[in-house]
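Chemist: One structure coming up, written as structure tokens, with questions to follow.
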Amino acid sequence: MLNSNLQSLVETTMPAWQMMQKFQTQQQSAVEVATALLERIEEKEERIQAMTLLTPELALRQARAADSNYKAGTPRALEGVPITLKDTFDLAGYVTTKGSRVFKEHHALEHSGVIRRLYDAGAVFLGKTNTAEFGQSATCENKLGLVTANPWDTEKTPGGSSGGAASSVASGYAPIALGADGGGSIRIPAAMTGLFGFKPSYGLCPDEGGFRAMSDFACAGPLTNCVADARLFLSVLAEREFHRAPDGLKMLRIGYCESLDGQPVEPAVQAAVKHVATVLSRMGHQVDIITPSFTGWEQSFGPLVLAEEWRERGHFLTYCESELTDYEIASLQAAKAVTPEQVFEARKKQLEYRAKVAQLFESYDFLLTPTVATPAFTIGERPKFIDNTKVSRLWGAFPFTSPFNVAGVPAAAIPCGVSDGLPLSAQLVGAYHSDESLLNLCEALEQELNFQTYREGA
């Protein structure tokens, strides 16, 4: 249970797929739902601080159009579904802060590719969510004046960089949030707020004309309460259908990694992920404990991320350093030293690393790992020790996500338990472009684990 001195603000909306059924039969209207959710946001937002911007006029205009389309029998793929948008995506006519004071008055001139597809699919935009500055942190702190809280315990971080997105769904603001994941920025906050988070295969959901950061690794994707909503959302982002397995799942070979390369994991997380392995085995799948080496991803990730930071934002050190967070300043200062030769070598290393991970999927259909090494921790206080072992401030809590960004493969964070009132998460990883099969496995596992029971316990 939660600390009795703290109020849980966890709340779950009706799933998007169920909302659409009710809109179709006119049991509910999109305007009614959007109005109710905007009222919920107003009630909770002072404590959660997930939103950088609310767009009630736009949302109600979109909802009215959705109701008209249902009455006319012409609903689109996400007609009337209320969603929130990570504030790194451009929405024409509205501010895109990118989590930075530098852009606090920057109005986008046009939709980025992802926003255009969601707009054209009939989604209802409730507003934009807080993020780490330029998406450059695995937590959500920035200098915009917002301190985004985890609704499971408002003293704890929701993770990042899509922390506002995660808190918006976990607080019941919307059934789906748009996030982006360049090193774990969907999966980490999903893990820390008890959500399902999905990072697609690299290149599957392009954001044409969008924000440039971690571009060699980043993917747009959903944070949701259920796999069905993620499937629905991804079909719009990728402009293709993700079909359910018509005859159920065949027996799968799953490689279970208790850790990656010996990184320490808190016992509660270890136990929860082990339980997932047991459930998968009980479902009839072959589950083998494996200890492959995942070293080498840093040789690509660091130089390529820093080189792009310098190319896109290096001039900020000269013109507006005082507006930047300490971590962005440190990133840009480190980026100064990256040479073209290092970038060239990093691209070679990335290809080698992708081949190394692809070889692993010749023996296994999917991998099972922890998503993060620890449950959510106090805002601004990254753990120095995990399972009594000293860890780095940068990666210690988050060693399990970035390797799969470098590999370019799909990965999902799955709720799998609660410890001391905070959610726990397992990660499932598939081969490149196995997104549909990974969704099917996650949905089958969801039925066994019953994600919703964890939230009801909050």
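The values are calculated or read from the model by the stated rules, or taken from the named source; none is laboratory data. Nothing here was measured: the structure is a model prediction, and the numbers come from that model. Here the Cβ is made from the backbone with ideal geometry for all residues, glycine too, and neighbour counts use every protein chain on show.
Chemist: Testing N5 on (1) modelled with pLDDT under 95; (2) in contact with a strand residue (DSSP E or B) (Cβ under 9 Å, 6 or more places away or on another chain), one condition comes back false. Which one is that?
Modeler: Result: N5 passes all but (2).
Chemist: Taking segment 132-159, which residues are touching a helix residue (DSSP H, G or I) at 6+ places or on another chain (Cβ under 9 Å) and of a type in the set (V, I, T)?
Modeler: T139, T148, T154, T157, listed by residue number.
Chemist: Still on this model: Which residues, counting only those in segment 373-406, are crowded, with 17+ Cβ neighbours inside 10 Å, under 22 Å from G296 (Cα atoms) and aliphatic (A, V, I, L, M)?
Modeler: Scanning segment 373-406 gives A373, V391, A397, V406.
Chemist: Has segment 397-408 got any residue that is out of contact with any Pro (no Cβ under 9 Å at 6 or more places or on another chain), β-branched (V, I, T), assigned to a strand (DSSP E or B) and touching a residue at least 40 places away in the same chain (Cβ under 8 Å)?
Modeler: Checking segment 397-408: not a single residue is out of contact with any Pro (no Cβ under 9 Å at 6 or more places or on another chain), β-branched (V, I, T), assigned to a strand (DSSP E or B) and touching a residue at least 40 places away in the same chain (Cβ under 8 Å).
Chemist: Moving on. Please verify whether R244 is out of contact with any Ser or Thr (no Cβ under 6 Å at 6 or more places or on another chain), of a type in the set (K, R) and either surrounded by fewer than 19 Cβ atoms within 10 Å (Cβ to Cβ) or assigned to a loop (DSSP other than H, G, I, E, B) (or both), treating the condition exactly as stated. Walk me through how you get there before you give the answer.
Modeler: Details: out of contact with any Ser or Thr (no Cβ under 6 Å at 6 or more places or on another chain): yes; of a type in the set (K, R): yes; either surrounded by fewer than 19 Cβ atoms within 10 Å (Cβ to Cβ) or assigned to a loop (DSSP other than H, G, I, E, B) (or both): yes.
So R244 passes the test.
Chemist: Of all the residues that make up segment 259-281, how many are part of a loop (DSSP other than H, G, I, E, B) and surrounded by 17 or more Cβ atoms within 10 Å (Cβ to Cβ)? Walk me through how you get there before you give the answer.
Modeler: Start the filter on segment 259-281 by keeping residues that are part of a loop (DSSP other than H, G, I, E, B), which leaves 259-266.
Retained after the next criterion (residues that are surrounded by 17 or more Cβ atoms within 10 Å (Cβ to Cβ)): 259-260, 263-266.
Looking only at that region, the number is 6.
Chemist: Is it the case that G183 is at positive phi and assigned to a loop (DSSP other than H, G, I, E, B)?
Modeler: Working: at positive phi: no; assigned to a loop (DSSP other than H, G, I, E, B): yes.
Against the criterion (at positive phi and assigned to a loop (DSSP other than H, G, I, E, B)), G183 does not qualify.
Chemist: Within segment 217-276, count every residue that is under 20 Å from G396 (Cα atoms) and of a type outside the set (A, V, I, L, M, F, W, C).
Modeler: So the count comes out to 9.
Residue-wise test of (1) surrounded by fewer than 18 Cβ atoms within 10 Å (Cβ to Cβ); (2) in a strand (DSSP E or B); (3) aliphatic (A, V, I, L, M).
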{"residue": "L9", "(1), (2), (3)": "no, no, yes"}
{"residue": "T13", "(1), (2), (3)": "no, no, no"}
{"residue": "W17", "(1), (2), (3)": "yes, no, no"}
{"residue": "V31", "(1), (2), (3)": "no, no, yes"}
{"residue": "E46", "(1), (2), (3)": "yes, no, no"}
{"residue": "E57", "(1), (2), (3)": "yes, no, no"}
{"residue": "R64", "(1), (2), (3)": "yes, no, no"}
{"residue": "D67", "(1), (2), (3)": "no, no, no"}
{"residue": "E79", "(1), (2), (3)": "no, no, no"}
